[in-house]
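Just below is one structure, and these are the notes that go with it.
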Amino acid sequence: MTPRSTYQKVLGWIGLLTVFVIVAFLILPAAVVTIAAFNDKPILSFPPQTWSWRWFGRALAYEDFRQGFFNGLIVTTWSSTIALCVGGMFAFVIDRYEFPLKSAIEGILISPLVIPHFTVGLGFLILAAQVGLSRGFAIVVICHVILVLPFVLRSVYVSLRNLDQSYEHAASSLGAGPLRVLATVTLPLLLPGLVSGWLFAAILSFNEFTASLFVTSQRTQTLPVAMYNYVREFADPSMAALSVMYIVGTAALIAFANAFLGLGKVLNIEQSH
Amino acid sequence: MKPSANLEGEQAAVHFDVVSKRFDDVVALNDVTLGIGRSEFVTLLGPSGCGKTTLLKLAAGFLGPDGGSISIEGKRVNDIPTYQRGIGMMFQNYALFPHMSVAENVAYGLKTRRVPRAERDKRVADALALVKLMGMENRKPRQLSGGQQQRVALARALVINPTVLLLDEPFSALDKSLRSSMQVELREIQRKLGLTTIFVTHDQGEALSMSDRMAVMSEGRIRQLGSPVDVYRSPADPFVASFVGDNNRLRGQLVSIQAEQAIVALGDALVQVPGERLSGLEKSAAVDLFVRPEQFRIVAPGEPCVIKGSVVAQIYQGGHVDLQIECSGSVGDRLLVRSPGEQAVLRWPMGAPVGVAIQADRCSVFPAA
């Protein structure tokens, strides 16, 4: 270790303390909810006096939550996959080609970031009523595609920017036509970016509440909407128990992605090669 | 082979005919014409931004020319995409596919050509043997050293029997000792296969040691095209003289010119120099003499010499000694003098007053810029 003066050491301790405080602040809500989930009493209170696992059982058994979870899976899978295809193609076109109105189109694709989710949801609700589209899964999926598209687009675009064009040049110098280059070189090298984009979209879509509230019906309600409806009627800790399972599930998913692809690659922090 | 200076389009393996290319407002290539003969190793040498890489990319088809035509084996390729040109290329960063093994990398170009499995395996093995990489088939590129990666890149480019081999600064990432051994090896393989090769570099030493012919480029033009010996011995202009090899520039004054021999005054001394590039110049015009470090000779003060000065730096290089001489006159500032052997270290110590004689018949003289 390099020699340091007392002054530098004090600065170092202050820095460490700051980081600790920030981390504690970040995990505070999750910690409170986790502790509250083990409360034996049928009210959300903190800290609990007696402890129990029973609200986990209740959350898992509750029909609306089960339905919401599976609805969420359907919506998330479809919307992230469609967003990945559409966003991926747009990212490719924006990265590789020059065309008029390019920046305008780019702006429109990023625009859901500035348009509030309830506006998107409300818009779709009005539109669906107008064209007579039933409030089935299609409308929810379309709505989610629009909401997650900017994130997917960004993710793929950044991966494409980081991709050294010499790989593609090398492939074409070896006789590979454009489609072959895409299939055997570009896509495999972009895989971490594509997976991270998909995962990001999936988590966002699964969590999305505001727009979903407008476009879902009793039959298609996703988990956050089901949770909202539940909390309007009941105040027991099964909500907290569900949140804990939610956090554990997401953490497991990210750990899984990390084990197979590397967290740096999935989150697009590292360069992909 | 002995290449001729002016290859016609049909004879040349690769022919650039009045090719121009611009990027927005920047002229990258300004009407470049260059013919490269079969089996010839031609180097494009120049500082960054001179257009050498652009010329290579045009040959590869990564870029299209704005004007002029490019032909490979007599066939115009302006509108033929890269993947139909039958070229082999090595990249500065090797561009090995990181998700494929060594064998898969080398086999890639054979798969695109639909070479049957059995033949493909044999040719991959042969190519890896050629670059001395047997037993590495299943490694991934990141598990190889820089030199090994380069060999894979070479094998991958060679295995498809390309009509032209294009090399984009392939040695720049290697350390010095590995670089020179790879240079020799690449040249041996290239000769053995009789492969037409275009090599891009900014390293003049590399260009001198490897090329059959070299094209020295600057600002989108070819300043000189010739064998390394020609370019080193008789540079076409001051740019080439100072870019290729070490050179000293001395400011002199033209005294007289007659039958391609000129007399130039360097301070008090008169030297006789080649005058073919001075025709039409008036007497007493300023001229620049370019003198190679080895064309100087250090003599004891008092002996006949052209320039007087003192030793200000000694750079011992093992086989030779480079001395820097601070001049007392107005002809130039510091001279770089190369003295073979190692006696110079003791004979001309730091601060010693010395005289410098010039082997003037070999130096290059241009009108002063």
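FYI, it's all coordinate maths here, none of it is from the lab. Predicted, not measured: the structure shown is a model, and the values here were computed from it. Cβ atoms come from the backbone with ideal geometry, glycine included; neighbour counts cover every protein chain shown.
Structure data summary
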{"item": "For the protein assembly as shown, the fraction of alpha-carbon pairs in successive 20 Å shells from zero, as %", "result": "14, 32, 28, 18, 7, 1"}
{"item": "For chain A, diffusion coefficient by Stokes-Einstein and Kirkwood Rh (Cα), 10 °C, 1.306 mPa s, µm²/s", "result": "73 µm²/s"}
{"item": "Rounded D (µm²/s) - the range A:120-212, Kirkwood Rh over Cα pairs, Stokes-Einstein at 37 °C, 0.692 mPa s", "result": "211 µm²/s"}
{"item": "Where chymotrypsin sites (Phe, Trp or Tyr not before Pro) in DSSP loops with at most 12 other Cβ within 10 Å are excluded, longest remaining stretch of chain A", "result": "A:98-273"}
{"item": "Mean Kyte hydropathy of -1.0 or more with a Cα span along the axis of at least 30 Å, helices from DSSP in chain A", "result": "A:6-37, A:63-96, A:137-162, A:238-261"}
{"item": "Among beta bridges that DSSP assigns inside the range B:123-225, antiparallel share in %, nearest 5", "result": "45 percent"}
{"item": "DSSP-defined beta bridges in the protein assembly as shown - what % are antiparallel, rounded to 5", "result": "75 percent"}
{"item": "Mean Cα-pair separation over length for the range B:246-367, i.e. relative contact order, pairs under 8 Å, 6 or more apart, %", "result": "32 percent"}
{"item": "Cα centroid separation, the range A:1-63 to the range B:222-288 (Å)", "result": "80 Å"}
{"item": "All-pairs Cα distance distribution in the range B:108-193, expressed in whole percent, bin size 5 Å", "result": "3, 13, 25, 25, 20, 10, 3, 1, 0"}
{"item": "Relative contact order, percent, the range B:14-242 [alpha-carbon distance under 8 Å, six or more residues apart]", "result": "29 percent"}
{"item": "Cα centre as origin, Lys/Arg/Asp/Glu Cβ charges: chain A dipole, Debye", "result": "260 debye"}
{"item": "D (Stokes-Einstein, µm²/s), Kirkwood Cα radius, the range B:284-363, 0.890 mPa s at 25 °C", "result": "192 µm²/s"}
{"item": "Amide H within-cut-off set for residue B:299, under 5 Å, with H built and near neighbours excluded", "result": "B:355, B:356, B:357"}
{"item": "Cα convex hull of chain B, projected area averaged across orientations, nm²", "result": "22.0 nm²"}
{"item": "Rounded to the nearest 20 debye, dipole of the protein assembly as shown from Cβ charges on Lys, Arg, Asp, Glu", "result": "1500 debye"}
{"item": "Computed helical MRE - 222 nm, the protein assembly as shown, DSSP H runs ≥ 4 contributing -39500 (n - 2.57), nearest 500", "result": "-14500 deg cm²/dmol"}
{"item": "With Cα atoms, 0 to 90° folded angle of helix B:102-112 axis to chain B main axis", "result": "70 degrees"}
{"item": "Pairwise Cα inverse-distance average, inverted: Kirkwood Rh of the range B:254-327 (Å)", "result": "14.3 Å"}
{"item": "Under 24 Å from residue B:122, Cα to Cα: lysines that are on another chain or at least 8 residues apart", "result": "B:111, B:132, B:140, B:192"}
